[in-house]
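The values are calculated or read from the model by the stated rules, or taken from the named source; none is laboratory data. Just so you know, these numbers come straight off a predicted model, no measurement behind them. Here the Cβ positions follow ideal geometry from the backbone for every residue, glycine too, while neighbour counts run over all protein chains shown. Note: accessible area is taken over every heavy atom of the protein model, side chains too, but ligands, DNA and RNA are not part of it. Shrake-Rupley method; radii C 1.70, N 1.55, O 1.52, S 1.80 Å.
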Amino acid sequence: MLRLDSVFTDVSTRWQHFRHDADVGVRGIGATLAQAFEQAALALTAVITEPTAVRPAHRVEIACENVDPEFLLVDWLNALVYEMATRRMLFGRFEVRIDGSRLDASAWGEPVDLARHHPAVEAKGATLTELRVGREGAGEWLAQCVVDV
Amino acid sequence: MDLSGLVRKSDFEWELPPSGKMRVPGVIFASEELVRAMDQKVWQQVANVAALPGIVRASYAMPDAHWGYGFPIGGVAAFDPEDGVISAGGVGFDISCGVRCMHTGLQVAELKRRQERLADTLYRRVPAGVGSTGRIVLSDGEMHAMLTGGARWAVERGYGTREDLGRIEERGQMKGADPGAVSEQAKRRQRDQMGTLGSGNHYLEVQRVAAVHDPRIAETFALKLDDVVVSIHCGSRGLGHQIGTEFLREMAQSASAHGIELPDRELACAPIRSPLGKKYLGAMRAAINCALANRQILAQITRDAFREVFEQAELALLYDVSHNTCKLEEHAVDGRMQRLFVHRKGATRAFGPGHSELPDVLGDAGQPVLIGGSMGTASYVLAGTAAGMEHAFGSACHGAGRAMSRNEAMKHWRGRKVVDELAGQGILIRSPSMRGIAEEAPGAYKDVTAVVDAAEAAGLAKKVAKLMPLVCVKG
C-alpha cells in the first residue's frame, strides 16, 4: 500500500507525493487526463521547491507524442526535466492539451533563484516505476510514476 | 522483508531459490536485521533480475540494497556477452556516479585552525546545487574529446596530474565510448556542467581518519589516524541522466520486439548484441568518461581551494570508484574464466588483491572501496578481497541508503537546526538549500556502520579505515 507524504487539495484536482525508498513518487489527479498531467507536473516541481514560490514570468512550449498514455506521461515529465536543466528554470503553472497520442503544453516559470526557491534537489528523470495512468473508481484521472532525484 | 522463503546460507548470505521465471537464484548479502529492514520490493526486484536472459550464476543484492527502479539499488548481475542483455535500469540514471577520495597531507589539529575558512573557500569555489554551472563551456569538439577521453582528457587540459590516472577505474578512460550514440539533448544538458557537484545526496566532504581497522592495508593506502582526507561523491550530471532517460524508455518499448519477456517493464533492457544494446553500451561508456572527467575537474578545484587556505596541502589521489556501471570483466565461473557484462547499480567494484586492473602500488592489498555515509555520519574505506571475487563478481556495498523519504525527513528536521547541531559537533555544513539539508539529515539514512560490517562479515570487502566528517559541501 502506498503511503501519501504530502497532499495539496482543491475541489477536483490535486497532486501528491508517494513514498519510494531512494526517490520520490509524483502523482497528479484531475477530472481529465490533461488535468492529471498538469497536477503531476506540479508534483514534480514540488520535489524541487514550493510550486507557489515560482513566478510565472516566462512561458515555454512543450510537445510530445506517444501512443501509450503511460509513456506519454514519462515523456511529458522528462521534457520538463530537460527544460528545467537546460534553461535553469523552475515551472509553477502548467496548461496541458492532449489529443489522442499528442500532447501540447505550456509551462510558466522563471530562472532558478537560490535565495527564494531553496531548491532541494534536481530531478534526474522520470522512471517507469509505479507508472500508472488511468481512470480511478470515482471517475477521476490519475497519472503517476517515481522520479529519480 | 519477510524471511520465510529465504534460505539462510550463513549469517550474512540469504538465498532466494529459483521459482517461476527465475533462471538463477537470488542472493542477498546482509545481516538478518538488515534483511528484515529491506522493503519487500527488493525481493521482487532481485527475483525479476534473475529472470532476465543470459544472467550468470545469481542475481545479487548488497547489504545496503533498497527499492530501486527495475534493478534494486545495491544490485549486481552479470550477463553472458553472447545471449545476455544490457539494462539501462541496471545502471541507473546517474551513470558512473561514484566516490573519489584524496589525501591532503594535513592532520586534524592543523585543519581545525582554519576549518571555517576552508569550508567557506570550498563552498565559494565548488559549483554545487540546482542550476549551478561550471567554468568550462564545451565546444562540439571538446565534448567529443571529453566523452572519449574521460579523466585523461581533463588531465591533458590541466586538471590534475598523470599520477591520478592510475588510481581511477579504467585508468581514467573508459574504452569503447561512442559519442555518436549520445543524443544532442544529452550533450546540451552537459555543455556547461563540467566540474559541478550536483544536488541531492552528492557532496564534497573533508574528513578525518577516525579509526584504522586494518593497519597493514591502511599503510598501503597511506591512511593514518587523524589524517585529513577529502571525498567527492557525484556522477555524470545531466549527460548521464539524459542517456538513462532516453534508453530506459527505448529499451522498455522495444523489449517485445527483441523477444524479451520483461517480468516488469522497468527492467528495460536489450540484447547486448542488438543494435540498441550496442548503442547503449557506447553511450553509457561515454557517460562513464563524463563522470570520470567531472570528478577529475572537481578534484583540481578542491586542490586549488585547499592551497588557498593551506599552502603546504598536497592532495594525492587515494582512489576513484564508480557505483553505477556495466562493465565487461573476466570472472571465474565454475572454474573457468569467462567474460561477462557486470551491472553494478548502487554497488561498488571491489576487486581483490593482485587484480590486473589495479595499480602495482597497491601491492597485495585489494582495491580501495569507498563507502559514503551522510552528513554527520561515518564514511568507510574498505578493500576488495579474494573471497569477494568469488561471492559477487568482486562487488560490495556503496553507502547507507535512505531510511526515510525526503518528505518524511522534511517534516522531521529543519535545515538550519541540522546545520547548527552539526556545527556543535565540529562539522561545518555549506549548502545553497536549507530544504536540501533537511532532506539529507543524518537521521534520514540507515546506519552505514551496520552496512559495512555486514559487507565485511559476508566476505565482500575488508574494513580498512573509518572516516568522520569535518566539512561538508552539499549541492
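Which whole-number percent of Cα pairs in chain A have a distance greater than 22 Å? Summing the P(r) of chain A above 22 Å gives 32 percent of all pairs. Between the Cα long axis of helix B:275-309 and the first principal axis of chain B there is an angle of about 10°, rounded to the nearest 10.
Cross-link list A:124/B:112; B:21/B:463; B:112/B:462: which exceed 32 angstrom alpha carbon to alpha carbon? Among A:124/B:112; B:21/B:463; B:112/B:462, the Cα-Cα distance tops 32 Å for A:124/B:112; B:21/B:463.
Once C-alpha pairs closer than 8 Å and six or more residues apart are averaged by separation and normalised to the residue number of region B:7-474, the relative contact order reads 22 percent. With axes computed from alpha carbons, what is the tilt in degrees of helix B:115-125 against the longest principal axis of chain B, rounded to the nearest 10 within 0 to 90? Its long axis makes an angle of about 60 degrees.
The A and B chains share an interface that buries close to 3900 Å² of accessible area, total over both sides, probe 1.4 Å.
Which value, in debye to the nearest 20, gives the size of the charge dipole of chain A about its Cα centre, when Lys and Arg are +1 and Asp and Glu are -1 at the Cβ? Mind showing how you got there, number by number?
On the way: 15 positive and 22 negative charges, 61 e Å.
Its charge dipole is roughly 300 debye.
About the centre of its Cα atoms, chain B shows a dipole size close to 1080 debye [charges on the beta carbon of Lys, Arg (+1) and Asp, Glu (-1) only; nearest 20 debye].
For the peptide A:18-28, the mean number of other protein chain Cβ atoms found within 10 angstrom of a residue's Cβ is 6. Residues of region B:180-219 that lose at least 10 Å² of accessible area (1.4 Å probe, protein heavy atoms only) when the other protein chains are present, relative to their chain alone, are B:185, B:188, B:189, B:192, B:193, B:199, B:200, B:202. For residue A:125, the residues whose modelled amide H falls within less than 5 Å of its own, excluding neighbours fewer than 5 places apart on the same chain, are A:148. As a ratio to 2.2 N^0.38 Å, the alpha-carbon radius of gyration computed for the protein assembly as shown takes the value 0.90. Rolling a 1.4 Å probe over the protein heavy atoms gives region B:39-146 an accessible area of 30 Å² per residue. With both partners inside chain B, how many of the DSSP beta bridges are antiparallel, as a percent to the nearest 5? The antiparallel proportion sits near 90 percent.
Taking Cα atoms only, the orientation of helix B:237-254 departs from the longest principal axis of chain B by about 10 degrees. Heavy-atom surface analysis with a 1.4 Å probe gives region B:129-169 a carbon and sulfur content of 49 percent of its accessible area. A 1.4 Å probe run over the protein chains yields, for region B:326-475, 31 Å² of accessible area per residue, whole-number rounding. Once Rg and the Kirkwood radius are both taken over the C-alpha atoms of chain B, their ratio Rg/Rh works out to 0.95. Amide H to amide H, with H built 1.01 Å from N, residue B:27 comes under 5 Å of B:16, B:59, B:60, B:61, counting only residues 5 or more places away or on other chains. Taking every alpha-carbon pair within region B:1-40, the share separated by more than 15 Å comes to 36 percent.
Extension gain, residue B:226 to residue B:140: 0.36 nm times the residue separation minus the Cα-Cα distance gives 26.5 nm.
Can you list the equivalent-ellipsoid semi-axes of region B:58-210, largest first and in whole Å, using the square root of 5 times each Cα gyration tensor eigenvalue?
Semi-axes, largest first: 30, 23, 17 Å.
With all protein chains kept in place, the per residue accessible area of region A:1-145 amounts to 39 square angstrom at a probe of 1.4 angstrom. Rounded to two decimals, the Cα-based Rg/Rh of region A:10-60, with Kirkwood Rh, is 1.01.
To make sure I understand the rule: partners must be lysines, Cα under 21 Å from the Cα of residue B:417, and not fewer than 8 residues away in the same chain. Which ones qualify? Of all the lysines, those that pass the test against residue B:417 - Cα under 21 Å, at least 8 places apart if same chain - are B:446, B:474. In region B:436-475, the portion of solvent-accessible area held by carbon and sulfur atoms comes to 52 percent [1.4 Å probe, whole percent, DNA, RNA and ligands not counted].
Here the Kirkwood formula, the inverse mean of 1/r across different C-alpha pairs, assigns region B:1-139 a hydrodynamic radius of 18.2 Å. Seen from residue A:136, the other residues with C-beta closer than 14 Å to its C-beta sum to a net charge of +3, counting Lys and Arg as +1 and Asp and Glu as -1. Calculated mean residue ellipticity at 222 nm for chain B: -10000 deg cm²/dmol, from DSSP H runs with n ≥ 4 weighted as -39500 (n - 2.57), summed, divided by the residue count and rounded to 500.
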